[in-house]
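What follows is calculated from the coordinates using simple rules that are stated; it is not laboratory data. In this text, all values refer to a predicted model and were calculated from it rather than measured experimentally. Positions of Cβ are backbone-derived with ideal geometry, glycine not excepted, and every protein chain shown enters the neighbour counts.
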Protein chains: 2
Amino acid sequence: MLTGRSPSPPSSDRVRPDVAVVGAGPIGLAIAWRCAARGLRVAVHDPAPGSGASAVAAGMLSPVAEAYFGERQLTGLLLASAARWPAFAAELTETTGVEIGYRTEGTLMVGLTGDDLAEARRLWAYQQGLGLPVTPLRPSELRDSEPALAPRVRGGALAPTDHQVDPRLLVPALRTAAQRAGAVLVPQPVRSLSDVDASVTVVAAGCGAAALTGLPVRPVKGQILRLRAPDGVAPGFRHVIRGYADGEHVYLVPRADGEVVLGATVEERSDTTVTAGAVQRLLRAGVDLLPELAEYDLVEAVAGLRPGTPDNAPILGPLPDRPDVLAATGHHRHGIVLTPITADLIADLVLGCVPDPLLAPFRADRFGGAAVAVSGGPEPTLEGDLWS
Amino acid sequence: MLTGRSPSPPSSDRVRPDVAVVGAGPIGLAIAWRCAARGLRVAVHDPAPGSGASAVAAGMLSPVAEAYFGERQLTGLLLASAARWPAFAAELTETTGVEIGYRTEGTLMVGLTGDDLAEARRLWAYQQGLGLPVTPLRPSELRDSEPALAPRVRGGALAPTDHQVDPRLLVPALRTAAQRAGAVLVPQPVRSLSDVDASVTVVAAGCGAAALTGLPVRPVKGQILRLRAPDGVAPGFRHVIRGYADGEHVYLVPRADGEVVLGATVEERSDTTVTAGAVQRLLRAGVDLLPELAEYDLVEAVAGLRPGTPDNAPILGPLPDRPDVLAATGHHRHGIVLTPITADLIADLVLGCVPDPLLAPFRADRFGGAAVAVSGGPEPTLEGDLWS
């Protein structure tokens, strides 16, 4: 759409930006960073940067553990983005000097009971069938890798390439990177696309994209807890742990500073209240898997709204009727892992490059004209060969 | 100690107060109210009124349900104070115009499982043996009285005279009453008894009394949750509910505004961190007894420190070596219910009246000179006939 050029003159309110990005979450900020670094004038509109789903998110980079039945195209995108994460993290920290909590100890997937393990094994077999690195562990190997696991955890498997990052560190780092590259933050809300004036508009507004574009993006509530190991020590486990515990599916993400993120519910609701039942179920499952958590401080219970779509996959590309408006939303549970590839591929589109074939399944027109936000909708029906 | 007289001239910093009360929790404020209303010049010292245990307390007025084995003298004091509550509440609301959430629906005591019920019945039999009003209910009567109880709750009993008040409304009301009666609030901390200058000093500083007096008052941590019924409606139950649930002992206190207080742990610790395990156990027990709580908002999780004593009973009266210093502390789990009688009897002592025989078991010298804060210490050994 736009061609790259040498860096812009110092930005000013008088100069019309090349790109207006609506939304300063990780997706919007990373797109702004990439576009600004390639010489475009970029304005990012958000009254409260980083206040959306990313403020709640755990930051797992788990394309393997999140490879679910019936989501092969999404899994492909997750894997491609996760593969970009090491370089993306290194570049971001090098550019900004900000540590973002990128950790590579890998992810342990466990089942508490026999039934839990049977359910987990069915998924591991599917993941292995895709050729993904999932290594079942003998009980002794599981204990050796994480001695803090409850003795009654029946079994587990390692996904060594599923890593983590801290979204609450990531967003300020991306903001710094985008601003250093020349992007300008405009702290006003955008209530309509006509509120912004640029050659290209990128809608990276999470759940807010629905009102701006009519796309079928709906809020999917997630409740999540933050615990802290007592006395300022690091948690007693190193891996991200994803577990089935008496039918409850939870994850536990340890941070170097002692924090443990314990999540998350998946609810078809648009409120952000924290409910007693959800907190109780999360804590019960967490403590059952890792008994030491009972002694941890409970420091935060919060709910966020993921931007969901009918097929659980993001919407990446021009609106059907507005080629100058690019959607970059609908990332649902996968916004953090999908940040690098979304930024790169959307920046390519902004610059008029030939669309990466990876984008084909995620076009904005795949839901049809009268799409409405429906839970559990069909798989995308448009295949890559229909893509321009 | 002091004789009553006509109301003091307008207070001024230059006039030495008759009474300095250290601590502006409900106990200290009620004592200040009673003393000021009887014509004494009163100064109440506290940098943060109402910020101690009362800010966390549930406000149950439960002398019957809290009548435990081996605490007959304490039970007597609880009953005597609870009997004063209706008039105390009426007078306070009349004086200040402030509603304090005094409710008289009574308390249901329930057992979830057969084992829980067996444990509860043992206590009910003890309470009935003391002649206290405890009415076992048939299962149909229990359902009729609180249809929101889980169907699997095995049995219950009603303590119709155990009521409740809202401590977060009580404290501002007492503060208003004390100030209207002429008491002056001094918002400075008292680090030593020499920091105050008055004819009589009353130490109503909760856990802070230990450092000021050397009395064996120790912090007993309690973690407590506040839930809220969705959509601003009142909770689906009217009684205070105290239950044994799979061995966990919890209480649920419904407020007219939709709040439900769910507590509490009893821990020999002096920190105020909220731990994952405690929250999980409280919620699990609460939801098991009243399933609708699962849908309630969890709005607060907080810990407070009760002022405990070796025999779980308060310390009321002069220090052994300082007849001009009166202790009114060590109220442990019973500070709210004991507020009226503590205020009345301590005001009597300040005014030099003959001590009420009720005070005899709660003298400050009952622990001996070298008393240390020990959990589960012996019953008081000084009987009423040794009292002056």
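Here are a few things to note about the model shown:
- Residues whose amide H comes within less than 5 Å of that of B:GLY155, counting only those at least five positions distant or on another chain, are B:GLY111 (H built at 1.01 Å from N in the peptide plane).
- Rg over Rh, two decimals, the stretch B:252-337 (C-alpha only, Kirkwood Rh): 1.11
- Take each residue of peptide B:101-113, count the partner chain Cβ atoms within 10 Å of its Cβ, and average: the result is 0.
- For B:ALA90, inter-copy separations between label points set 7 Å beyond Cα along the Cβ vector come to 8.0 nm, shortest first.
- Global form of the protein assembly as shown, assessed from the alpha-carbon gyration tensor, a/c cut-off 1.5: prolate
- Farthest towards the positive end of the charge dipole of the protein assembly as shown, among the residues B:VAL196, B:PRO147, A:TRP85, is the Cα of B:VAL196, using unit charges on the Cβ of Lys, Arg, Asp and Glu.
- Computed 3J(HN,Hα) for the stretch A:72-82, one whole-Hz value per residue from the Karplus formula 6.51 cos²θ - 1.76 cosθ + 1.60 where θ = phi - 60°, is 5, 5, 4, 4, x, 5, 4, 5, 5, 6, 4, glycine and proline marked x.
- Three-way shape call for the stretch A:37-81 based on the alpha-carbon gyration tensor, with the a/c threshold at 1.5: oblate
- When the alpha carbon coordinates of the stretch B:1-150 are projected onto the principal axes, the ranges are 65, 32, 26 Å, largest first.
- For chain B, built as a Gaussian network whose Cα springs stay under 10 Å, the top-fluctuating residue of B:SER199, B:SER140, B:SER270: B:SER140
- FRET E, pair A:ARG138, B:THR93, Förster distance 51 Å, beta-carbon r, rounded to 0.05: 0.15
- The order of the peptides B:326-333, B:119-126, A:272-279 by mean Cβ neighbours within 10 Å, most packed first, is B:326-333, A:272-279, B:119-126.
- Point-charge dipole on Cβ atoms (K/R +1, D/E -1) for chain A, about Cα centre, debye to 20: 440 debye
- Between the C-alpha center of the stretch A:68-110 and that of the stretch A:112-186 there is a gap of 10 Å.
- Comment: the Cα-to-Cβ extended label point of A:PRO355, at 7 Å, lies 8.8 nm from its counterparts in the other copies, nearest first.
- Taken over the stretch A:66-108, the alpha-carbon convex hull comes to 74 cubic angstrom per residue.
- Stokes-Einstein diffusion for the stretch A:69-174 at 20 °C, viscosity 1.002 mPa s, with a Kirkwood radius from C-alpha pairs, works out to 137 µm²/s.
- When peptides B:258-268, A:49-59, B:127-137 are sorted by average Cβ neighbour count within 10 Å, with the highest value leading, the order is A:49-59, B:258-268, B:127-137.
- Three-way shape call for the stretch A:161-232 based on the alpha-carbon gyration tensor, with the a/c threshold at 1.5: oblate
- Part-to-part distance (alpha-carbon centres) for the stretch B:202-246 and the stretch A:298-374, which is given in Å: 49 Å
- Computed [θ] at 222 nm, deg cm²/dmol, the protein assembly as shown (DSSP H ≥ 4; -39,500 (n - 2.57); rounded to nearest 500): -8500 deg cm²/dmol
- Take each residue of peptide B:294-301, count the partner chain Cβ atoms within 10 Å of its Cβ, and average: the result is 5.
- Across the identical copies, the 7 Å label point of A:TYR126, projected outward along Cα→Cβ, sits 5.5 nm from its counterparts, in ascending order.
- Amide H contacts under 5 Å for A:LEU185: A:VAL44, restricted to partners 5 or more places along the chain or on a different chain, H placed in the peptide plane at 1.01 Å from N.
- For the peptides B:309-322, B:202-215, residues were scored by their other Cβ atoms within 10 Å and the scores averaged per peptide; the highest-first order is B:202-215, B:309-322.
- Computed over the alpha-carbon atoms, the stretch A:185-280 gives an Rg to Rh ratio of 1.12, Rh here being the Kirkwood radius from the mean inverse distance.
- Each Lys and Arg adds +1 at its Cβ and each Asp and Glu adds -1 at its Cβ; summed about the Cα centre, the protein assembly as shown shows a dipole of about 760 debye.
- Whole-Hz couplings from phi, Karplus 6.51/-1.76/1.60, listed for the stretch A:140-152; x for Gly and Pro: 5, 5, 4, 4, 5, 6, 9, x, 6, 4, 4, x, 7
- The Rg/Rh ratio of the stretch A:130-174, with Rg taken over Cα atoms and Rh as the Kirkwood radius over Cα pairs, comes to 1.16.
- Footprinting exposure proxy ranking of B:VAL233, B:VAL299, A:VAL287, fewest other C-beta atoms within 10 angstrom first, gives B:VAL233, B:VAL299, A:VAL287.
- Residue mean of other protein chain beta carbons inside 10 Å, B:267-279: 5
- For chain A: relative contact order, % (alpha-carbon pairs under 8 angstrom, 6 or more apart): 23 percent
- Sequence-ordered 3J(HN,Hα) estimates for the stretch A:174-181 from the Karplus curve with 6.51, -1.76 and 1.60 and θ = phi - 60° stand at 5, 5, 4, 4, 5, 5, 5, 7 Hz, glycine and proline given as x.
- From least to most packed, judged by other beta carbons within 10 angstrom and beginning with the fewest, A:ARG180, B:ARG306, B:ARG363 follow the order A:ARG180, B:ARG363, B:ARG306.
- Compared with the dominant principal axis of the Cα atoms in chain B, helix B:339-350 is inclined by about 20°.
- Footprinting exposure proxy for A:TYR68, B:TYR244 (fewest neighbouring C-beta atoms within 10 Å first): A:TYR68, B:TYR244
- Note: chain A, Cα convex hull, 132 Å³ per residue.
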